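One structure below.
Rule-based calculations on the coordinates, nothing more; no lab input. Small disclaimer: the values here were computed from a predicted structure and weren't measured. Positions of Cβ are backbone-derived with ideal geometry, glycine not excepted, and every protein chain shown enters the neighbour counts.
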Amino acid sequence: MLPTFVIGLREGLEAALIVGIVAAFLRQRGRLDALRWVWAGVAVAVLICLAVGVGLQIASAELPQKEQEGLETVVGAAAVLMVTYMAIWMRRHARDLKGQLEGAAESALVQGSAWALVFMAFFAVLREGFETAVFLLAAFQASDTPAMAGTGAIIGIVVAVGLGYGIYRGGVHINLSRFFYVTGLVLVVVAAGLVMSAFHTGHEAGWVNFGQDRAMDLSWLVQPGTVWSSVFTGVLGIQPYPTAIEVVGWLAYLVPMVLYLTWPSRKKRGRVPVTTAAPEYTPELAAQRASNQP
């Protein structure tokens, strides 16, 4: 439930932030005609993303077992790549994200193009919706309790929509840098579990046939049906009997990514140029300069 909640919250808030800023700009400038198109575009984007998610789930369920495992491997690998790109991008831009969005919206309005804002909101929801569909499908496939995973996703999206509405009304202020830092760490841990699950399903599909020796026995900790099993398997992706390649993949992804996200960023300190202000021009100064001339 926690991984899907964080996915729904983070991805939903990214889209809600863009839509909220665009809607606030249009509302402040009385462009209610364009604002209606923004809401229509958001609704269409949501429907498209839902259709894609449902289509992927149906296609996966109708495939034979081996091909189904292969599709789960591809979806899991795609989700890991998306999480990695998003975490790296957010580390670099989260601090200035809201200002950049507001600047882009202001620039579009200055140029007289409200439709640019409509398409900005549409494609923001479409992009985040596609990512959410892939993340959630991979999380559902790796979860032992799909109902709880679905509940977490719905709660996360509802909270994100509420925060987006608060941003739109101007009553909610969020430290986006801190928010994306914390959720980025959580999603990296989830992605490491997806790496382990991808190696597992890749072996079931016949694609990964090396490193299949049992690395350790964690059945005493990851007991099916227990709370700890839900935490370790559902959140961390740890299996009761992980193989060598699964452990290596989990560590090879998790350790560098956590170090990258938690490593203190270098703040470029530019040198302040030393300048000497010119003396104020006065009649006394002019007379002094004239007396010094030969």
*Could you list Leu194, Leu137 in order of exposure, starting from the residue whose Cβ has the fewest other Cβ atoms within 10 Å?*
Leu137, Leu194
*Within the range 148-219, report the chymotrypsin sites (Phe, Trp or Tyr not before Pro) that DSSP leaves as loop and that have at most 10 other Cβ atoms within 10 Å.*
Phe210
*So who's got an amide H within less than 5 Å of the one on Thr243, skipping anything under 5 residues away but keeping other chains? H placed 1.01 Å off N, in plane.*
Ala215
